[in-house]
Protein chains: 6
Amino acid sequence: MKYKKLEESLLYDGSPIEPFWAFKEFKVKGSSILAWIGPMEIKPEELIDYEDVGLEIKSNKMIHFIIEHFDIQPADIKTCYHRQRLFVMIVKDILSELGIKTTRSGDDIYFEGRKLSVSIATCSNSSMKIHFGMNVKDEGTPDDVETIGLLECRKDLDYKKIQLLVDKISESYIKEIDSIEEDITKTKVF
Amino acid sequence: MKYKKLEESLLYDGSPIEPFWAFKEFKVKGSSILAWIGPMEIKPEELIDYEDVGLEIKSNKMIHFIIEHFDIQPADIKTCYHRQRLFVMIVKDILSELGIKTTRSGDDIYFEGRKLSVSIATCSNSSMKIHFGMNVKDEGTPDDVETIGLLECRKDLDYKKIQLLVDKISESYIKEIDSIEEDITKTKVF
Amino acid sequence: MKYKKLEESLLYDGSPIEPFWAFKEFKVKGSSILAWIGPMEIKPEELIDYEDVGLEIKSNKMIHFIIEHFDIQPADIKTCYHRQRLFVMIVKDILSELGIKTTRSGDDIYFEGRKLSVSIATCSNSSMKIHFGMNVKDEGTPDDVETIGLLECRKDLDYKKIQLLVDKISESYIKEIDSIEEDITKTKVF
Amino acid sequence: MKYKKLEESLLYDGSPIEPFWAFKEFKVKGSSILAWIGPMEIKPEELIDYEDVGLEIKSNKMIHFIIEHFDIQPADIKTCYHRQRLFVMIVKDILSELGIKTTRSGDDIYFEGRKLSVSIATCSNSSMKIHFGMNVKDEGTPDDVETIGLLECRKDLDYKKIQLLVDKISESYIKEIDSIEEDITKTKVF
Amino acid sequence: MKYKKLEESLLYDGSPIEPFWAFKEFKVKGSSILAWIGPMEIKPEELIDYEDVGLEIKSNKMIHFIIEHFDIQPADIKTCYHRQRLFVMIVKDILSELGIKTTRSGDDIYFEGRKLSVSIATCSNSSMKIHFGMNVKDEGTPDDVETIGLLECRKDLDYKKIQLLVDKISESYIKEIDSIEEDITKTKVF
Amino acid sequence: MKYKKLEESLLYDGSPIEPFWAFKEFKVKGSSILAWIGPMEIKPEELIDYEDVGLEIKSNKMIHFIIEHFDIQPADIKTCYHRQRLFVMIVKDILSELGIKTTRSGDDIYFEGRKLSVSIATCSNSSMKIHFGMNVKDEGTPDDVETIGLLECRKDLDYKKIQLLVDKISESYIKEIDSIEEDITKTKVF
């Protein structure tokens, strides 16, 4: 599983959740995590959460992670949501190590009751996709949701620390998936 | 998914990891978590971790959780290890809320470098099984492993708090699995 | 699994067979049966039976059932056709209890050689869908097929009885699926 | 799928539910239905229904059907129970054509409140198995269950008619499974 | 599995790789191989190999094979690529019997370093599809690839021999898939 | 996927086909090919081919390959037999490059009508296993089968060449499986 951090400030408009986006846009082939910092404004036609239809989903500056898995064929959304939860829990755990104590409800992370993140998981027949976005600043987010950004959670965070955070999250997730794969090869089944 | 806390102090000898144990021993039918406090000493013939062959796996007093899932047919060990990781991360998270800061490596939880827990996941064709055991006291554990018990992690823990902890872990896990199931029903796939 | 009977006389134009229709149109989330009485006229672009291409599929008044299942991931059309057959056999059985003796061929029900029903099953990666429609009256059906409606099968049927029939079919199907799920949890596998 | 009727009066002791029984005992290879008339007395060690542990399951004369399917890999018990229900509903339907009106609850068939049949489904990783047994006479059945045999349901049944019944049930089931297989090949998926 | 050889000289424009093409165009229902001799020029919108985007894929005269499998539900691309490899290896083997010694790299066959064939595999949720095309003559192929045609590999090949080759390849593949299916029914699993 | 050549002359008694044999005997963890040269005499209780029951399966000197795959969960025998065929076809192809022209029927390889090899595939819920054995000399094989060994196929083969052959087969198979895995990540699905 490859990890690639994009340097550019890419708009997350919803299209990166489509299968093969990493390959089509960045020639990253196979299972991967791509991460970058950029704004979000999901185009209505790219919405895949039927509960969000009609809502604004946007933020001026977020850390974005796009994950694609090809290891399970056919891909299924149930396994994908399990992995999304693992990812979100890893994020929460690493934030906690940074002194940012959050709460989690499903795939949403909150700091002092304010929403810090958005996430979705989906799949096609051949790959599983996860998006996780976390506000860097509380700017440009919808008016009807109490939101917060990482920089408001902890004042002394700077961009260098945020870059390290992005790397640590990505690498921890990859290590987790690898360790699951390895545990299978040591366990008797009935 | 049912949650049942056993009152008796049952020895964990490895046999509870077998499929249908909850039904055969306690008439608990369907997907379930059973939890209890009791010793552990795994009989060699019940060992299912091929890396543990020849090792002693024991402790005088542990919280035990035995989980069985029937919702995926055929059952597979890969999904089961994903769920095991979710469970272990939920435990770590709830311990953290109690002020017990631990580290995790795969399915093992450590406190100040000392091993607090053991875990395994397995399956038959029709059900997935998870065992998670956490030392209450650091007694009766193998000599060649640095271990610790919950009561050593935080001095003011008492049995009432431990009972609440057991309930909270179980209920959080059930809620997590339910919420994954629900997210599937709102998400467009490709 | 939820059962919802729609009061309105909705046209079945083929679109209800699409995944997530129940949620998008009626906010019914998760596995469900929706039933209603209304006309049918399938738009050519909504046809999913390749053998029906070019045919008229229509009727002035039918009982419609739309079923969606999310319990198996990924969804597959083979399991879905098994469930469709269970549904059709339940319908035939309940009609028989009402004194309406029919014959069945695959997913079609006939009364005295005249076609009483239409049905199709399909799936996306994340849900299985079934449509079953049964003529209430023999009106507005294609000229080249011998058809019949429930009211012609048994003269003393009235709308109240038909409503009870709709409920009984839906509830029997839900009960059947539940009982299968339960049988899994009591049976040894090899 | 092959259908073979055994001439001998074989005791059903539970062992025929094991995978590959048809091949090992009768060289019938591949998916098959074997049917015969004979007694039943299940050996405790052959019991696979955990709810039946400790119960007597026996009858002096039954029609037995043993079905094995290899078409789905890996085999799973959920699909197998769907097929078992199809089989039981086909039996009920054909009995009804013979003028024997029964009721069904899950996989059990009753005549006037008395139990006419027993059934179980199971699987290994590579095949699905179904047993269905129907009393010919109400003799040798457990004392604590109200049972009945086909010959008590309809007085004018003779062995020739019963043989025809066995053939019709088997052939209808095979035809049903074939027709499901065929419907898959004509239906658009999403 | 059916084998049908088309007499007409059909252009392969990429559309035959779509699910249900054989049924929609030629009323061939179920698992099948269709074969014909004709040109190839893939329309950009029909390209399914993301690595080929922007490339010309064409040839004036090729033997085309289009395979569709419905036996595994849900269909998956991993199994499909396994079958594609079996197909390509069968082709190589039969060419070798004709005295045409080729080399193979994945799904490409070369003769003296020149590319003889193209191939792709894909699936929908309900069927697996394979295309394999082999140049008859080295005409009309892309300028930037060294290609060759069968008639250049062995001078004394004529159309009658090529027709026999097409038949032999198709029949060998069908026999192979059947023999796999049969081996399942004789083997103990753990 | 790991490749390990064993130096010792191990008897193939059937037990290496059991899941986790490579790990339990040689600490080779994960998907692997183990190869060695040694005799074969399958113990009746280790026979997993129901068609071979009662037959002698033996040879004084064979090249043995034992393959285990953990990449597909749950494992299934159908995919495993596809891989076995790929393996056998790779062997045939590499023998052909050595000037040894053989014929193949299913998983058996023949030279001038004499049997050169034996093979079986099986699985547990968590791994797929393949055994392929090829006679080095035609000694100690069953009396009732016409057999041959590699050294009889081509007189100038020596042990060094046979060692290279073993390596080439193993490496080609691993490369093939890898290339399939990679092709999945470049192909659009429907």
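The values are calculated or read from the model by the stated rules, or taken from the named source; none is laboratory data. None of these values were measured; they are calculated from a predicted model. A quick note on method: Cβ atoms are made from the backbone with ideal geometry, for glycine too, and the neighbour counts reach across all protein chains shown. Surface accessibility is based on the protein's heavy atoms, side chains included, excluding ligands, DNA and RNA. Shrake-Rupley method; radii C 1.70, N 1.55, O 1.52, S 1.80 Å.
Could you please state, rounded to a whole Å, how far the C-alpha centre of region C:131-164 is from the C-alpha centre of region D:12-37?
Result: 44 Å between the Cα centres.
From other protein chains only, count the Cβ atoms within 10 Å of every residue's Cβ in B:44-53, then give the mean. Kindly include the intermediate steps, with their values, before the conclusion.
Values: counts 0, 0, 1, 1, 5, 4, 9, 7, 1, 1.
Other-chain Cβ atoms within 10 Å of each residue's Cβ, averaged: 3.
Can you list the copy-to-copy distances for D:Lys43, using a point 7 angstrom from Cα toward Cβ, in nanometres, shortest first?
Copy-to-copy label distances for D:Lys43: 2.3, 2.3, 6.4, 6.5, 6.8 nm.
Using the Karplus equation 6.51 cos²θ - 1.76 cosθ + 1.60 (θ = phi - 60°), what ³J(HN,Hα) coupling, rounded to whole Hz, does each residue of region E:48-53 give in order, writing x for Gly and Pro?
Taking θ as phi minus 60°, the curve returns 10, 9, 5, 7, 9, 4 Hz for region E:48-53.
So what are the ³J(HN,Hα) numbers for region F:138-153, from phi and the Karplus equation (6.51, -1.76, 1.60; θ = phi - 60°), rounded to whole Hz, Gly and Pro as x?
8, 10, x, 8, x, 5, 8, 10, 6, 10, 8, x, 3, 5, 7, 6
Hey, can you grab everything whose amide H is under 5 Å from the amide H of C:Ser126? Only 5+ residues off in sequence or another chain; H modelled, so Pro and N-termini drop out.
Distant-sequence amide H within range of C:Ser126: C:Ala75.
Set Lys and Arg Cβ to +1 and Asp and Glu Cβ to -1, take the dipole of region E:63-190 about its Cα centre, and tell me which of E:Ile63, E:Thr185, E:Leu150 lies farthest positive.
Working it through, the farthest residue towards the positive pole turns out to be E:Thr185.
What is the average number of partner chain Cβ atoms found within 10 Å of a Cβ in D:17-28? Don't jump to the answer; show the numbers that get you there.
On the way: counts 2, 1, 4, 7, 0, 1, 4, 2, 0, 0, 2, 1.
Mean shielding by partner chains, rounded to a whole number: 2.
Mind grabbing the interface size between E and F? I mean buried accessible area, both sides, 1.4 Å probe, in Å² to the nearest hundred. Write down the numbers at each step before the final one.
Working: alone 10320 and 10330 Å², together 16550 Å².
Summing both sides, the interface buries roughly 4100 Å².
Relative to the longest principal axis of the C-alpha atoms of chain D, give the angle of the C-alpha long axis of helix D:159-184, reported between 0 and 90° and rounded to the nearest 10°.
20 degrees
Roughly how crowded by other chains is peptide B:61-73, in terms of the mean Cβ count from those chains within 10 Å of each of its Cβ atoms? Numbers along the way, then the final one.
Details: counts 0, 0, 0, 0, 0, 0, 0, 1, 0, 6, 7, 9, 16.
Averaged over the peptide's residues, the number is 3.
Using a label point 7 Å beyond Cα on the Cα-Cβ vector, give me the inter-copy distances for B:Ile162 in nanometres, one decimal, shortest first.
Distances between equivalent label points, in nm: 4.5, 6.3, 6.3, 6.6, 8.1.
For E:Asp76, what is the net charge nearby, where nearby means another residue's Cβ is under 14 Å from its Cβ and Lys, Arg count +1, Asp, Glu -1?
The answer is -3.
How large, in Å, is region D:45-183 by the Kirkwood hydrodynamic radius built from its alpha-carbon pairs? Numbers along the way, then the final one.
Details: mean 1/r = 0.0633 Å⁻¹.
After inverting the mean inverse Cα-Cα distance, the result is 15.8 Å.
Can you list the distances in nanometres, one decimal and ascending, from the D:Lys101 label point to the identical position in each other copy, with the point 7 Å along Cα to Cβ?
Between copies, matching label points for D:Lys101 lie 1.1, 7.0, 7.5, 7.5, 8.0 nm apart.
Just to be sure I understand: chains C and B are related by a rotation, so which residue of C has its Cβ closest to that axis, and how close in Å?
C:Asp71, 4
Taking the 0 to 90 degree range and rounding to the nearest ten, how far is the long axis of helix E:77-97 tilted relative to the main principal axis of chain E, both from C-alpha atoms?
Computed tilt is about 50 degrees.
Please report the relative contact order for region A:3-116, taking Cα pairs under 8 Å with a sequence separation of at least 6, and give it as a percent rounded to a whole number. Mind showing how you got there, number by number?
Details: 147 pairs, mean separation 23.6, N = 114.
Reported as a whole number, the value is 21 percent.
Write down the accessible area per residue of region F:2-177 in Å², having rolled a 1.4 Å probe over the full set of protein chains. Don't skip to the end; give the middle numbers.
Numbers: 6540 Å² over 176 residues.
Spelled out: the 1.4 Å probe surface of region F:2-177, per residue, equals 37 Å².
Please list 3J(HN,Hα) in residue order for region A:127-137, calculated via the Karplus relation 6.51 cos²θ - 1.76 cosθ + 1.60 where θ = phi - 60°; whole Hz, with x for glycine and proline.
8, 9, 10, 9, 10, 9, x, 10, 4, 8, 10
How big is the charge dipole of the protein assembly as shown about its Cα centre, in debye rounded to the nearest 20, if each Lys and Arg gets +1 on its Cβ and each Asp and Glu gets -1 on its Cβ?
Rounded to the nearest 20 debye, it is 0 debye.
Report which residues of region A:167-190 become buried by 20 Å² or more of accessible surface when going from the isolated chain to the complete set of protein chains (1.4 Å probe; DNA, RNA and ligands ignored).
Flagged in region A:167-190: A:Glu176, A:Ile180, A:Glu181, A:Glu182, A:Asp183, A:Ile184, A:Thr185, A:Lys186, A:Thr187, A:Lys188, A:Val189, A:Phe190.
With runs of 4+ DSSP H residues as the only contributors, calculate the mean residue ellipticity of chain C at 222 nm using -39,500 (n - 2.57) per run, divided by the residue total and rounded to the nearest 500.
Working: 4 runs with 57 residues, N = 190.
Only helices count here, giving -9500 deg cm²/dmol.
Could you give the dipole magnitude of region D:60-149 about its Cα centre, charging the beta-carbon of Lys and Arg +1 and that of Asp and Glu -1, in debye to the nearest 20? List each step's numbers first, then the result.
On the way: 11 positive and 13 negative charges, 39 e Å.
That gives a dipole near 180 debye.
Applying a 10 Å radius around every beta-carbon, put F:174-185, A:118-129, E:49-60 in order of their mean neighbour count, most first.
Numbers: F:174-185: 17.9, A:118-129: 26.0, E:49-60: 15.4.
Sorting F:174-185, A:118-129, E:49-60 by mean packing, highest first, produces A:118-129, F:174-185, E:49-60.
Suppose every Lys and Arg Cβ carries +1 and every Asp and Glu Cβ carries -1, with no other charges. What dipole size does region F:2-177 come out with about its Cα centre, to the nearest 20 debye?
I would put it at about 780 debye.
What residues from region A:96-117 fall in the zone where the backbone N is under 18 Å from a label point 7 Å along the Cα-to-C-beta line of A:Lys155?
Correct set: A:99-101, A:112.
Excluding residues fewer than 8 places away in the same chain, name every one of the lysines whose C-alpha is closer than 18 Å to that of C:Lys2.
B:Lys186, C:Lys24, C:Lys27, C:Lys29, C:Lys129, C:Lys168, C:Lys175
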